[in-house]
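The values are calculated or read from the model by the stated rules, or taken from the named source; none is laboratory data. If you're wondering where the values come from, they're calculated on a predicted model, not measured in any experiment. All Cβ positions, glycine included, derive from the backbone under ideal geometry; neighbour counts span all protein chains shown. For accessibility, only protein heavy atoms count, side chains too; no ligands or nucleic acids. Shrake-Rupley method; radii C 1.70, N 1.55, O 1.52, S 1.80 Å.
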Amino acid sequence: MVAVAGLTFSVAEGEIFGLLGPNGAGKTSTIEVLEGLESPDEGRVHVLGLDITTSSAQVKERIGVQLQSTGLPRYLTVAETVDLFASFYRRGHERLDWDPIERLGLHALRSRVNSRLSGGERQRVALALALINNPQLLFLDEPSNGLDPHGRRELWAVIREWQSGGRTVVLTTHDMHEAEALCDRVGIMDAGQIVALGTVPELINEQESEEAIWVQAGRAALPAELASTLPGVARVLAERDGLLLYSDDAAATTGSLLALRASGELSFDSVQVRRASLEDVFLSRTGRRLES
Amino acid sequence: MTVFGKVLVASLKEFARDRTSLSFTIVLPLLLVVFFGFAYGGSGSTFSVGIVHGVGRDTAPLLSQLRSDHNLRLVRGGLASEMANLRSGSVDAVLVFTGAGRAPQLYYDARSGGSALAAQGLRSITTRNGSTTVRSILLRPVQAVSHSRLNFVVAGILATAIMWLGIFAAIPLVQQREEQVLRRFAATPLSRGTLVGGQVASRLLIGLGQAVFILLAARLFFGVPLGTRAGSSLVGGLVVVAALVLLGSLAFVAIGYAIAALSSNQHGAHAWAQLLSMPMLLLAGVFFPLGVMPGFLRPLIALLPLTYLADAFRQTAVQGQIYAPLSVDLAVLAAWVVVPLAIAVRYFKWR
């Protein structure tokens, strides 16, 4: 089975690059090739200027990795785990200008056994391990998996702070808010392909329409044919419980929608106007929603 | 500390905190020592008797009398070999016929309860017999190295504990694979050789600790000597025991790793570990002497690594019957290192 094929992209030094896509899009397969955990059948992969298939040992010395599953030895304490992982690298954690244990608030957990950590605590330990060798390049596979909104914002702050010293981050996410909030550039993946690549503003501006209007239909049917004739509407996507309209003139579109409802020609529950997002980029490239 | 040392120490800590492993390697063997200590502390009801020069018309009535006694098992042999058997504990007494018209002599080990009982039993039989040629029987106590069924069993328990230690090494390994710990290690510069080497070395150290623990427990509670073969020094004997512990641990860890390589999850690994260790426990002469095994099982018994490890321990640490020469024990155990290791290397999956 081919998980990913024909991917071409590069990540610049000092940027946060995100691979965004639904589960099964091939994000993990892609990042695990970059981490040297999987070898590609074809093509060339260079990480930190080194060919990953021939120089994986040197690459592993200089990268930090957080896998999707945290993979912590069950019976070791947090401090022992950190100490063990630090010993694997020539660049030890004592040379860090930035102590991951302190910054990630793990001090109180030092003597806790890994199997007794909560999901969020495990994620923090996993991130600390990824940073233990002061890597030039950090790979994070779904880093906010299982975190509550507060934990997620904390994580974003840590990643930004760490990267601000000119270091590079490659992460995967299925959450477009995370990609928009955190990433300098985004590669949108679907079915083993990169379907869109660029900075977040670039990708959104490539859209034909600036604004998206969500019309919640409720029980009454809303004919898509009628909606496409409304002023300003460039594109209509019929969903199960409503219509998504892309409009160049949101004021005109919503105005006529409300007028039609007032005259009884149309029936719907609500209208929401928002700026087009990465969700819409994904929708326009694949015809499907990112989050369902 | 080197990376190897760090992996080794981490592996020891993980072992010590895993209650399942601990119960199999320390608690269960200790319970077995205690159980068999009480069960075999006295003597069993069946005795083996070595018969020397027992041919001719005048000895026939006594021998047929002895043969018809279900509590006795008669073994024929030369004087030297039967006396050696008595010293090593494989026979409880030796009956020597010195010539027509002369009283047979009964040799037994005065320090062994079993041997003394056997001698008493034999004396009463020969007296009841009323044979004209056997009027009396001379009792000749022999100074033998202490031996008993308990010695035999302690060697078996030590071998069994090492078997469990090695075979059940499969479980944490598969667990680490399932929980992606191995994959996380793979994303670091840690080499596979260092990882496996450190983990195996920790098992070997645990094996040595286990041996000290079991032999000490047997000595403290039941007076089974840490013992050496008659004539060799205590230290020399212990070095041989330690070497055997290492070789045995290596063989069973290799088997454990082969199990880990061939099973896709922890349930499978558990099933394989049980499937391999249970028959060995019953068949390898650990708790029941190999002599009582039916003939059709002999070829299977001759393949089991536990047969040879228990046999080797019996020959060095404590005394007992010999299944194969020590060199054969060592060679078979070495083969049990190489073959499972090859399987593990060939089929092991890191994710």
(Q) What are the extents of the Cα atoms of segment A:30-75 along their three principal axes, in Å, largest first? (A) 38, 21, 12
Q.
What's the total accessible area buried between chains A and B, using a 1.4 Å probe, rounded to the nearest 100 Å²?
A. 2400
Q) Once both labels are modelled 7 Å past Cα along the beta-carbon direction, what's the A:Arg288-A:Phe9 spacing in nm? A) 1.8
Q) For B:His53 and B:Leu297 in one chain, what is 0.36 nm times their gap in residues minus the Cα-Cα distance, to one decimal in nm? A) 84.5 nm
**Q.** Number of partner chain Cβ atoms within 10 Å, mean per residue of A:69-82
**A.** 5
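What FRET efficiency comes out for the pair B:Arg346/A:Ala262, r = Cβ-Cβ distance, R0 = 56 Å, nearest 0.05?
0.15
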**Q.** Whole-number accessible area per residue in Å² for the protein assembly as shown, which is evaluated in the context of all protein chains at 1.4 Å
**A.** 45
Q) Any idea what the dipole of the protein assembly as shown comes to, in debye rounded to 20, about its Cα centre with Lys/Arg Cβ at +1 and Asp/Glu Cβ at -1? A) 4880
Q) Can you pull the accessible area of A:Asp141 for me, 1.4 Å probe, Å² to the nearest 10? A) 0
Q: Count the net charge of all other residues whose Cβ sits under 13 Å from the Cβ of A:Ile213, scoring Lys and Arg as +1 and Asp and Glu as -1.
A: -3
Q) Which of A:Gln272, A:Thr8, B:Phe296 sits closest to the plus end of the dipole of the protein assembly as shown, meaning its Cα is farthest towards the positive end, when Lys and Arg get +1 and Asp and Glu get -1 on the C-beta? A) B:Phe296
Q) How many nm is it between the label spots at B:Val9 and A:Glu102, if each spot is 7 Å from the Cα in line with the beta carbon? A) 2.4
Q: Please give the average number of partner chain Cβ atoms lying within 10 Å of the Cβ of each residue in B:14-27, rounded to a whole number.
A: 1
Q: Tell me the Kirkwood hydrodynamic radius of the protein assembly as shown in angstroms, computed as one over the mean inverse distance between distinct C-alpha pairs.
A: 30.5
Q. Where the only charges are on Cβ atoms (+1 Lys, Arg; -1 Asp, Glu), what is the dipole of segment A:153-292 about its Cα centre, to the nearest 20 debye?
A. 200
Q. Taking the Cβ of A:Gly198 as the center, what net charge do the other residues with Cβ under 11 Å away carry, scoring Lys and Arg +1 and Asp and Glu -1?
A. -2
Q. Which value, in debye to the nearest 20, gives the size of the charge dipole of chain A about its Cα centre, when Lys and Arg are +1 and Asp and Glu are -1 at the Cβ?
A. 860
Q) Cα gyration tensor of segment A:159-240, axes a ≥ b ≥ c as square roots of the eigenvalues: rounded (a/c below 1.5), prolate (a/b > b/c) or oblate? A) prolate
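With a Förster radius of 35 Å, plug the Cβ-Cβ distance of A:Arg74 and B:Ser191 into 1/(1 + (r/R0)^6) and report the FRET value to the nearest 0.05.
0.95
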Q) Taking Cα atoms, how many degrees apart are the long axis of helix A:119-131 and the longest axis of chain A, rounded to 10 and kept between 0 and 90? A) 60
Q: Enter the mean number of other protein chain beta carbons within 10 Å of the beta carbon of each residue in B:1-8, as an integer.
A: 2
Q: Using a 1.4 angstrom probe on heavy atoms only, work out the carbon and sulfur share of the accessible area of the protein assembly as shown in %.
A: 57
(Q) Under 5 Å between amide hydrogens, which residues at least 5 positions from A:Leu197 or on another chain qualify, with H placed 1.01 Å from N in the peptide plane? (A) A:Ile188
**Q.** Label zone at B:Phe221 (point 7 Å along Cα-to-Cβ), backbone N below 13 Å, segment B:1-29
**A.** B:26-29
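Once a ≥ b ≥ c are taken as the square roots of the eigenvalues of the Cα gyration tensor of segment B:186-225, is the result rounded (a/c under 1.5), prolate (a/b larger than b/c) or oblate (a/b not larger than b/c)? Walk me through the numbers on the way to the answer.
Numbers: a/c = 9.00, a/b = 6.03, b/c = 1.49.
In terms of gyration-tensor shape, prolate.
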Q: Note down the relative contact order for segment A:200-292 as a percent, whole number, built from C-alpha pairs under 8 angstrom at least six residues apart.
A: 36
Q: Kindly report, to the nearest 10 Å², the accessible surface of B:Glu179 as traced by a 1.4 Å probe over protein heavy atoms only.
A: 60
Q. Taking springs between alpha-carbon atoms closer than 10 angstrom, which of A:Glu38, A:Glu225, A:Glu61 fluctuates most in the Gaussian network model of chain A?
A. A:Glu225
Q. Where in segment B:163-189 does accessible area fall by at least 30 Å² between the isolated chain and the complete protein assembly, at a 1.4 Å probe radius?
A. B:Gln175, B:Glu179, B:Gln180, B:Val181, B:Arg183, B:Arg184, B:Phe185, B:Ala186, B:Ala187, B:Thr188, B:Pro189
Q: Would you be so kind as to identify which of A:Ser256, A:Pro40, A:Val186 lies farthest towards the positive end of the dipole of the protein assembly as shown, taking Lys and Arg as +1 and Asp and Glu as -1 on Cβ and the Cα centre as origin?
A: A:Pro40
(Q) Under 8 Å for C-alpha pairs, at least 6 residues apart: give me the relative contact order for segment A:1-160, rounded to a whole percent. (A) 26
